[in-house]
Structure formats: structure tokens, C-alpha cells
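Before any comments, here is the structure.
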Amino acid sequence: MTVYAYVDGPLGEMLLVGEESAPGRTALASLSLPGQKGGAVVRDGWRHAPAAFEGIAAQLRAYFAGRLTRFDIAYAGGGTDFQRRVWQALDDIPYGSTTTYGEIAARVGSPGVGVRAVGTAIGRNPLLVVRPCHRVIGADGALRGYAGGLERKERLLGLEGALVR
């Protein structure tokens, strides 16, 4: 069953969507920010279930308070094989650091022209904040492409002490 909840945070009211396999067992399928490009919207048949996301909400609060540097969340499946490889590379970027699109492309075995494909896969990341696509920057150090908006990307990198300026 698809469940959802809203969680307040410094980036706005986040929409969490998950797949509940059993009471107390929810795999996160999406975390969207207000106004996000391609963000989830609540659909008919989804159940509002804030209790299903209590653990995730607590981790988000700890992250935004500077007390959590790595999320421990079960994710629902999704994406193509290539997208999953790119998303795994995002999960491997340490808190407080950044990498480039080119470095991600090389990690997933798609250097050179694969940079665009990597950018597209990152842009389809359904788990903003918890899957740290905000840690990917341009080769020149510039902040590029973030579905939640560049201002939010800058805030997240600032929170982590990784803002490159």
C-alpha cells in the first residue's frame, strides 16, 4: 500500500511517499520538496500515514540539526539499472564533501559523453536530501542542476560545510 506524510523542515514542507509492506515497515519511495521539478503529488488511493514515517522524520530532523551525517532508511525499488548505479554512487558521497558529474560518470563506467546521462539520472533521483544529489557540482565548482532549486542545494551544502565558493 502506498502511504504518505508531510514533514516540516528548513527547506519547506517535505512530502514523503512510501510503500508499506507491514505495519511499521515502510520503504521510502520519494521525498519531494515544495515546487520541486518532477516532485511527487498525492494521488487517490494513497493513505495518509504520518506514523509510518516517524523514524525517517526523526532522521531528517537530526540531519537538519547537524547531528546526523548518514541516513539509515530502507528505499523502495525503482529506476533503470543505470539510474540505480548512479544513485548508488550518490549514496557513496560522504557528508561534507562534493564530487562532479564527470567523477560520477567515471565511477559508473560512463565517462565522457556519459556525463549527460549521469546528469539526467541524477535529475530523476526521487529521494532529495536523503540520497545526496545536492553533493554533485560542476567540474568548475559551480552549483548546477537541482530539482529542488539551486538555493536549496546551496543551503544543504552550507549545512554540511561543503559549500564551494
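The values are calculated or read from the model by the stated rules, or taken from the named source; none is laboratory data. All figures in this text were calculated on a predicted structure; none of them were measured in a lab. The protein model used for the area step is the full one, side chains on, heavy atoms only, and it has no ligands, DNA or RNA in it. Shrake-Rupley method; radii C 1.70, N 1.55, O 1.52, S 1.80 Å.
Points worth noting:
- The slack between Gln88 and Ala58, meaning 0.36 nm per residue of separation minus the straight C-alpha distance, is 8.5 nm.
- Integer Hz, Karplus 6.51/-1.76/1.60 couplings in order for the stretch 132-146, x for Gly and Pro: x, 5, 5, 7, 9, 10, x, 4, 8, x, 7, 6, 10, x, 8
- Computed from Cα positions, the angle between helix 81-91 and the longest principal axis of the chain comes to roughly 90 degrees.
- For the stretch 103-149: accessible area per residue (Å², 1.4 Å): 41 Å²
- Read-out volume of the Cα convex hull per residue in Å³, derived from the coordinates shown; its label in [x] 132; [y] 104; [z] 161: [y]
- Note: relative contact order over the stretch 1-155, using C-alpha pairs below 8 Å and six or more positions apart, is 22 percent.
- Order of exposure, largest accessible area first, which applies to Ser30, Ser21 with probe 1.4 Å: Ser21, Ser30
- Protein accessible area in the chain, 1.4 Å probe - carbon and sulfur %: 50 percent
- Residue-level accessible surface for Tyr95, protein heavy atoms, 1.4 Å, Å²: 60 Å²
- Rolling a 1.4 Å probe across all protein chains gives Val42 an accessible area of roughly 60 Å².
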